[in-house]
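Undergrad: I'd like to ask you about the structure that follows.
Nothing in this text is a laboratory measurement; each read-out follows from the coordinates by a stated rule. In this text the structure is predicted, and so the values were computed from the model without any measurement. Backbone-built Cβ (ideal geometry, glycine too); neighbour counts: all protein chains shown.
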Amino acid sequence: MKPKRYQAVIEVLLRPGVFDPQGQAVTAALHALGHDAVEDVRVGKLVRVMVSAENAEAARALAEQMCRELLANPVLENYQVRVEEAGVAH
Amino acid sequence: MKAAVVVFPGSNCEHDSVHAWQQATGGCARLVWHEEETLGDADAVILPGGFAHGDYLRAGALCRFSRVMQAVRRAADDGLPVLGICNGFQILCEAGLLPGALGRNRGLRFVCQSVQVRTETSATAWTGDLAKGEVLTLPIAHGEGCFWLPPEEHRALVRRGGVVFRYTTTDGGEGGNPNGSLDGIAGVCNPAGNVVGLMPHPERAAEALLGGIDGGRILRSALRWVEQRVVLHG
């Protein structure tokens, strides 16, 4: 089977319980703008990785391995992976 | 006594580290580019401060893949004194040579000031010349120095005596934490005690002309460790 191109969208956020000063500053700014409905903000990173893989599960497994090895620091951060098909690999 | 000072693209305290090492120990120091495979005949290793690899992704995260880190890991395994200063501390944590991680300062600001730290153990390669409880004055300059560990790992670190320095007040009391670090932790060591990382800059406090010599005593401590190691292992 021909490998397909997948787009793995990886969200990295500070683990619950880890203080997020950026999120707190943004919360304060949103409150200052009048967004009283805002309860909490966490600021993280979004990493988009284009990979070729046999199927979506294989692409996800690759992306999760990359998260464990580099993209997230397990001491401070959690990650979530979303995989979408992105066309045929060249 | 020879030190290797590792230079990554974006390091910026390497020359201060070389100068301070020479001043404090009377030994010599050599810069080692991050693509080199060995540290030569170094007796001690310093990972200096700066913004290695541009702090991309996370401070220190990309250094693990620099070729020189395999040699640093071997030096750490062989019991050589390894010191990570500021960004060097972040690099050692990211490489798994020290426990924990350094997040953004609690107050969000980059902090650049003198601080007091309390020596929590003399049983490391870099604190052998200091007494437990001794208060040192050292400069800090960082935006991401907030030390953090999950609760169980923090307890384990404290139990094994892995906390080397805590931020403190001038009289050694509680307080003086400039960045929100867990338990006021300013520096930690590996279980063997030869690898130490700290956020303050000992190399910027190694001669009286520059306002203090406490940092020089940290650097000089490595001499004793190396001599004892030679006696033990021949």
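Undergrad: Starting from the Cα-Cα distance between B:GLN70 and B:CYS112, subtract it from 0.36 nm times their residue separation and give me the gain in nm to one decimal. Don't skip to the end; give the middle numbers.
TA: Values: separation 42, 0.36 × 42 = 15.12 nm, distance 3.19 nm.
Contour length minus the Cα-Cα distance gives 11.9 nm.
Undergrad: For peptide B:61-71, compute the average count of partner chain beta-carbon atoms within 10 Å of each residue's beta-carbon. Let's see the in-between values first.
TA: Working: counts 4, 1, 0, 2, 2, 0, 0, 0, 0, 0, 0.
Partner Cβ neighbours, averaged per residue: 1.
Undergrad: If you don't mind, there's one more thing I want to ask. Stretched out fully, how many nm does the piece from B:VAL230 to B:GLU134 gain, at 0.36 nm a residue minus the Cα gap? Intermediate values should be presented prior to the final figure.
TA: Numbers: separation 96, 0.36 × 96 = 34.56 nm, distance 2.74 nm.
That works out to 31.8 nm of additional length.
Undergrad: Can you list the lysines whose alpha carbon is less than 28 Å from that of B:LYS2, not counting same-chain residues fewer than 8 positions off?
TA: B:LYS132
Undergrad: B:ASP78 versus B:ALA141, label points 7 Å from Cα toward the beta carbon: distance in nm?
TA: 3.2
Undergrad: So if the hydrodynamic radius of region B:93-168 is defined as the Kirkwood radius over C-alpha pairs, what does Stokes-Einstein give as its diffusion coefficient at 37 °C and 0.692 mPa s, in µm² per second? Don't skip to the end; give the middle numbers.
TA: Working: Rh = 13.7 Å.
Answer, rounded: 240 µm²/s.
Undergrad: With label points built 7 Å along Cα→Cβ from the Cα atoms of B:CYS28 and B:LEU210, find their separation and express it in nm.
TA: 2.1
Undergrad: Further question on the same structure: At 7 Å along the Cα-to-beta-carbon direction for both A:GLU69 and B:THR169, put a label point, then send me their distance in nm to one decimal.
TA: Modelled inter-label distance: 5.0 nm.
Undergrad: I would also like to ask the following. Residues of B:101-108, mean number of Cβ from any other protein chain within 10 Å of their own Cβ, rounded to a whole number? Walk me through the numbers on the way to the answer.
TA: On the way: counts 6, 3, 10, 7, 1, 4, 2, 4.
Counting Cβ atoms of other protein chains within 10 Å of each residue's Cβ and averaging gives 5.
Undergrad: Rounded to a whole number of µm²/s, how large is the Stokes-Einstein D of region B:124-195 at 4 °C and 1.567 mPa s, given Rh as the Kirkwood radius over C-alpha pairs?
TA: Working: Rh = 13.1 Å.
Answer, rounded: 99 µm²/s.
Undergrad: Same structure again: Can you show me the helix-derived [θ] at 222 nm for chain B, built from DSSP H runs with n ≥ 4 at -39,500 (n - 2.57) apiece and divided by the number of residues, rounded to the nearest 500. Please report the intermediate quantities before stating the final value.
TA: Details: 5 runs with 59 residues, N = 234.
Mean residue ellipticity at 222 nm (helix-derived): -8000 deg cm²/dmol.
Undergrad: Right, next: Starting from the coordinates of the alpha-carbon atoms of the protein assembly as shown, obtain the Kirkwood hydrodynamic radius over all distinct pairs and give the value in Å to one decimal. Kindly include the intermediate steps, with their values, before the conclusion.
TA: On the way: mean 1/r = 0.0479 Å⁻¹.
Across the protein assembly as shown, the inverse of the average 1/r is 20.9 Å.
Undergrad: OK, next. Which shape class applies to region B:2-233: rounded if a/c is under 1.5, otherwise prolate when a/b exceeds b/c and oblate if not, where a ≥ b ≥ c are the square roots of the Cα gyration tensor eigenvalues? Before the final figure, lay out the partial values.
TA: Values: a/c = 1.30, a/b = 1.15, b/c = 1.13.
Judged from the Cα gyration tensor, region B:2-233 comes out rounded (a/c under 1.5).
Undergrad: Give, rounded to the nearest 20 debye, the magnitude of the charge dipole that region B:87-162 has about its Cα centre when Lys and Arg contribute +1 at Cβ and Asp and Glu contribute -1 at Cβ. Could you put the intermediate results ahead of the total?
TA: On the way: 8 positive and 7 negative charges, 45 e Å.
Here the size comes out at about 220 debye.
Undergrad: Just order A:23-32, B:4-13, B:112-121, A:44-53 by mean Cβ neighbour count inside 10 Å, highest at the front, would you? Provide the component values of the computation, followed by the final result.
TA: Numbers: A:23-32: 13.6, B:4-13: 22.8, B:112-121: 19.2, A:44-53: 15.1.
Order by mean packing, descending: B:4-13, B:112-121, A:44-53, A:23-32.
Undergrad: Please report, in whole Å, how far the alpha carbons of chain A spread along each principal axis, starting with the longest.
TA: Result for chain A: principal-axis Cα extents of 54, 28, 16 Å.
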